[in-house]
Amino acid sequence: MNQNSFTSTCVRETIEGLRDGLSHFSGPSRAAVIYVIEPFHPVYVYDPLNLLRGHEPKFKELYLSSDEWRKSSIVYDRKQFNNMIVEKNLQLAGLISYGGRSSSVFYQMWFTEHHPDMCAIGPTERWLEQAAFRFSHDIANEKELYTGISGSFLKEYSTHAVRDYLVDEMNMILGWDTQIRVYPILNAVLEISRTPEEGAWPKGKLVFVEENKLSRIQFIAKFPQTERPNLEKIKHIRKLLLSVENSERKLVSNERTVVGITRGKIPDFCIEADFRGRHGFLGINGNPACSFSDGRFKSTTHKAKLVQVEEAFLDSDLNPESATILFKIVTSIVHGAATQKHGCTIVIDLNDSPVKISGQALEKPLNLQSPGLLELTKSLSKVDGALHIGRDIHLHGFACLLDGPSITAEDRARGARYNSALRFTAEHRGIIVVVVSSDQPVSVIVDGAEISAKCNRTALPHYSRPEPLETWVSKSGI
């Protein structure tokens, strides 16, 4: 393996592990890197899934039109890697980036997608930071000592990324001498989150504070020091959560035991786990860092993503005011269904004359700009069948049955709502169907296909390899 081949292997395996890990954390994700190994080497880019396309002018300006960015105090020595000097985030729209310089890699900048429903970008930035660290380490080791472990390490980095972000935030607030151990907290939160009690999933808040801050908390109930429930006793803690469920009360822990119950504000600093049934949120001082569900940490806010609906409205001939009002109404219905954990289907009919749909017709369509009628429509969404909303922002029917001949795009792993929507939209133009399932993400379906679904990114193109940035930019015609 020559040196160029070795570098390409390091880059590719690091990207694949990074992308795989981020896809589990944030949904299908791409990753890319721009790097220079030695100070006067050309700039290389590895972007196998076209994450960076559209930003060519910025990269040309930054890296090709000037050599100012090459100025650095770093002493290049490929055989040594001690620490990294962080580079400024490039602040590119739709991207999260992190880069740095080290003695073994003169410059590197890593990228991934900024998904619109992230609680915070901090854990993802820590993930990219780790990718940069691992790449520098691998290049310093050279091919004789290369183990190929970096990709596997990044694939399983979720809990570590959350921990690293929390520690960074904690150090900024409390200083470097904080005594809170974060890993036991994260392990306890995940274990509690998947522990039902009499068939019900956990709800309520559990906050973690430093031992020396406990005296500043106003407890409404406090346990004797010798009888405090140990945080490792997950079943016991799960039962205690019942005491704060659906209330402003919180369980307070010092990260080893549960100390008591409070309803007041936590002074200075706390890590808070907010259990909301099948999912929950983890944050610092009320600011969410990530969510958790199915025994894993994730970046999602668990709110319905209706970006595709908004884009479809903008692409239609609806006037902007009507499009905005209709989008707010559909969003309100979807979020109402998601909050109450029931599924529903919404047919958004953008035709001048609404299509005929079998179902419960109304003598007079309901004006959904009326708050009372919108609330009624939310209740009607619980009835089996679909809501039928026209471009006039009125409800034309409910309990509607969507039919049509079978199509190849059907997914037998999904329910009747989903597949009926595929069939119906394949037969009718000017129709957008939003399917809300109690246990699946919201799906947006047009013309017999789910437009909310992202492309399959389970594998990188086998033929792809890093290429000079200048060549990559020239392909865009710039």
| task | Sort segment 1-77 into rounded, prolate or oblate with this rule: let a ≥ b ≥ c be the square roots of the eigenvalues of the Cα gyration tensor; rounded if a/c is under 1.5, and if a/c is not under 1.5, prolate when a/b is larger than b/c, oblate otherwise. | result | oblate
| note | The FRET efficiency for Ile74 and His302, from their Cβ-Cβ distance with R0 = 30 Å and rounded to 0.05, is 0.10
| task | Kindly work out what percent of the DSSP beta bridges joining two residues of the chain are antiparallel, to the nearest 5. | result | 90 percent
| About its Cα centre, how strong a charge dipole does segment 328-418 have in debye, to the nearest 20, once Lys and Arg get +1 and Asp and Glu get -1 at the Cβ? | 280 debye
| Ordering of 154-166, 224-236 by packing [mean C-beta count within 10 Å, highest first] | 154-166, 224-236
| task | Extending each Cα 7 Å along its Cβ direction at Thr159 and Tyr183, get the distance between those two points in nm, one decimal. | result | 0.9 nm
| query | For Leu362 and Leu314 in the same chain, what is the full-extension length gain: residue separation times 0.36 nm, less their Cα-Cα distance, in nm? | reply | 14.4 nm
| FRET efficiency, 1/(1 + (r/R0)^6) with R0 45 Å, evaluated for His24 and Phe219 via beta carbons | 0.70
| Once both labels are modelled 7 Å past Cα along the beta-carbon direction, what's the Asn4-Ser243 spacing in nm? | 6.8 nm
| remark: FRET efficiency (Ile85, Val383; Cβ distance; R0 56 Å; to 0.05) is 0.40
| request: Please identify the helices of the chain, taking whole runs of DSSP H, that span at least 27 Å along their own axis as judged from the Cα atoms and have a mean Kyte-Doolittle score of 0.5 or higher. | output: 320-339
| Can you pull the Kirkwood radius for segment 178-298, inverse mean 1/r over Cα pairs, to one decimal in Å? | 14.1 Å
| said: If you average the C-alpha positions of segment 54-72 and of segment 306-338 separately, how far apart do those two centres end up, in angstrom? | reply: 39 Å
| task | Identify all aspartates and glutamates with a Cα-Cα distance to Lys235 below 12 Å; exclude those on the same chain that are fewer than 8 residues away in sequence. | result | Glu191, Glu197, Glu198
| Which ordering of Ile217, Ile407 is given by a fewest-first count of other beta-carbon atoms within 10 Å? | Ile407, Ile217
| request: Just the ratio, please: alpha-carbon radius of gyration of segment 79-151 over 2.2 N^0.38 Å, N its number of residues. | output: 1.19
| field | Eligible lysines near Lys378 by straight Cα distance, threshold 21 Å, same-chain separation 8 or greater | value | Lys303, Lys305, Lys328, Lys341, Lys364
| field | Rounded if a/c under 1.5, otherwise prolate or oblate - the chain, Cα gyration tensor axes | value | oblate
| request: Only residues of segment 274-296 count here: report those whose backbone N is under 18 Å from the spot 7 Å along Cα→Cβ of Ile173, or say none. | output: 274-275, 281-292
| field | Mean residue ellipticity (222 nm) of the chain, computed from DSSP H runs ≥ 4 via -39,500 (n - 2.57), nearest 500 | value | -10000 deg cm²/dmol
| said: Checking the a/c ratio against 1.5 first, then a/b against b/c, what shape does the Cα gyration tensor give for segment 354-447? | reply: prolate
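Read the figures in this text as sums done on the coordinates, not as results from a lab. Please read all numbers here as calculations on a predicted model, not as lab measurements. Methodologically, a virtual Cβ is constructed for each residue, glycine included, from the backbone with ideal geometry; neighbour enumeration extends over all protein chains shown.
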